[in-house]
Amino acid sequence: MGALVGLGCGLGVLLVLLGVTTPRIARQRRPSRWQRLIDRSGTSRVTPGGLLATCVGVGLVAALVALVFTAVPIIALIAGIAVGYAPIITLRRRASRRSRALRGSWPDAVDTLASAVKAGMSLPEAVADLAQRGPEALRPAFAAFTAEYRATGSFAGALATLSEELRDPVADRVVAALRIAREVGGADLGRVLGALSMFLRADARTRGEIEARQSWTVNAARVAVAAPWVTLLLLSTRPEAVAAYSTTGGAVVIMGSAVLSVIAYRVMISIGRLPDDPRIVKDPTQVGAAA
């Protein structure tokens, strides 16, 4: 009995030591919301911390300017918050333009790739050739692919570099299809690339039509939100309006209006917004895991 108790205690101590000393596999952290926005905009030099610092700095400057011109603290506060959000809006617009440009470029790139393969080029050579013959929006990323492939000779590693350079959901799907096409090869390669081109072209056409139809909703939401606040700024140049808005009641009215404006704007944008495509490659290094 004593031997069993001693064996059990020793086994327990051993398990505790193994749990403490065994290195744990680090869990992959999901990119933050701002990091995903930065990735989609293609501004690799911007960091989430730098974006936050820019928003705070711009907001403080705008609040001070508004306070000087209106002499109403609550208006200055709202102006600082609104202008401080401008860098994020700029990144979102840049990300939207970049996504449309990439989405429209991929069908032509895949068609060029399929033509090169049919002409007798190998798949890595055909992909590298897109650095000179591909669409302008994609040439820098394919140039990075070419440099990586020539330096290492690894097609999977070069695909990982391509995915990291573009950081785009459509690019992830294309990279995955290229990896599959590399594995399939043979007579099916042209068929895979042709099917991929038709899918990308149909997706870009459908999404473009929807975005064109919903643009009036987004513009109407922006005008509806901006018009009352432009009127408020104009009224703040009159002394009697400044005196009215400087009171507690005036501050409550302005704050309530600001909250309602934000809620209404977010609801209208949410109704008209298309869902963002998720990236299928969370870590670009996983692209070459199977190769």
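The values are calculated or read from the model by the stated rules, or taken from the named source; none is laboratory data. Predicted model only: the values in this text are computed from it and were never measured. Cβ coordinates were reconstructed from backbone atoms using ideal geometry, including for glycine residues, and neighbour counts include every protein chain displayed.
Under 8 Å between Cβ atoms, which residue pairs at least 6 apart in sequence (or on different chains) link something in segment 222-245 that is under 16 Å from Ser257 (Cα atoms) with a partner that is among the small types (Gly, Ala, Ser) and at pLDDT below 80?
Every condition considered, the pairs that remain are Leu235/Ala241; Tyr245/Ser236.
Given the structure, is Leu130 surrounded by 19 or more Cβ atoms within 10 Å (Cβ to Cβ), at pLDDT 85 or above and over 20 Å from the mean Cα position of the chain (by Cα)?
Yes: the conditions hold for Leu130.
Taking segment 75-91, which residues are surrounded by 18 or more Cβ atoms within 10 Å (Cβ to Cβ) and aliphatic (A, V, I, L, M)?
Ile75, Ala76, Leu77, Ile78, Ala79, Ala82, Val83, Leu91
Would a scan of segment 241-252 turn up a residue that is within 34 Å of the chain's Cα centre (by Cα), of a type outside the set (Phe, Trp, Tyr) and assigned to a helix (DSSP H, G or I)?
no
Restrict the check to segment 237-260 and report whether at least one residue is closer than 14 Å to Ala82 by Cβ, aromatic (Phe, Trp, Tyr) and either touching a helix residue (DSSP H, G or I) at 6+ places or on another chain (Cβ under 8 Å) or surrounded by 13 or more Cβ atoms within 10 Å (Cβ to Cβ) (or both).
no
Which residue pairs have Cβ atoms closer than 6 Å, lie 6 or more positions apart in sequence or on different chains, and pair a first residue in segment 246-264 that is over 15 Å from Leu235 (Cα atoms) with a second residue that is of a type in the set (Val, Ile, Thr) and in a helix (DSSP H, G or I)?
From residues that are over 15 Å from Leu235 (Cα atoms), the pairs are Ala258/Ile78; Ser261/Val225.
Determine which single condition Gly157 fails, assuming it passes every other condition in (1) modelled with pLDDT of 85 or more; (2) in contact with a Phe, Trp or Tyr (Cβ under 9 Å, 6 or more places away or on another chain); (3) buried (at least 21 other Cβ atoms within 10 Å of the Cβ).
With respect to (1) modelled with pLDDT of 85 or more; (2) in contact with a Phe, Trp or Tyr (Cβ under 9 Å, 6 or more places away or on another chain); (3) buried (at least 21 other Cβ atoms within 10 Å of the Cβ), Gly157 is out only on (3).
Scan segment 102-136 for residues that are touching a Ser or Thr at 6+ places or on another chain (Cβ under 7 Å) and outside any helix (DSSP H, G or I) and jot them down.
Gly134, Pro135
Condition check ((1) among the small types (Gly, Ala, Ser); (2) over 30 Å from Val218 (Cα atoms); (3) touching a Leu at 6+ places or on another chain (Cβ under 8 Å)) across all residues:
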{"position": "Leu91", "(1), (2), (3)": "no, no, yes"}
{"position": "Ser99", "(1), (2), (3)": "yes, no, no"}
{"position": "Leu113", "(1), (2), (3)": "no, yes, yes"}
{"position": "Ser122", "(1), (2), (3)": "yes, yes, no"}
{"position": "Ala141", "(1), (2), (3)": "yes, yes, yes"}
{"position": "Thr146", "(1), (2), (3)": "no, yes, no"}
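Those residues that are touching a residue at least 24 places away in the same chain (Cβ under 8 Å) and buried (at least 20 other Cβ atoms within 10 Å of the Cβ), I need them from segment 53-65; list them, please.
Correct list: Gly59 only.
Name the pairs whose Cβ atoms lie under 6 Å apart, with the first residue in segment 204-215 and in contact (Cβ under 8 Å) with a residue 40 or more places away in the chain and surrounded by 10 or more Cβ atoms within 10 Å (Cβ to Cβ), the second basic (Lys, Arg) and in a helix (DSSP H, G or I), and 6 or more positions between them or separate chains?
If the second residue must be basic (Lys, Arg) and in a helix (DSSP H, G or I), the pairs left are Ala204/Arg103.
Looking at Arg94 and the list (1) surrounded by 20 or more Cβ atoms within 10 Å (Cβ to Cβ); (2) over 24 Å from Val192 (Cα atoms); (3) not hydrophobic (A, V, I, L, M, F, W, C), which single condition is not satisfied?
Every condition holds for Arg94 apart from (1).
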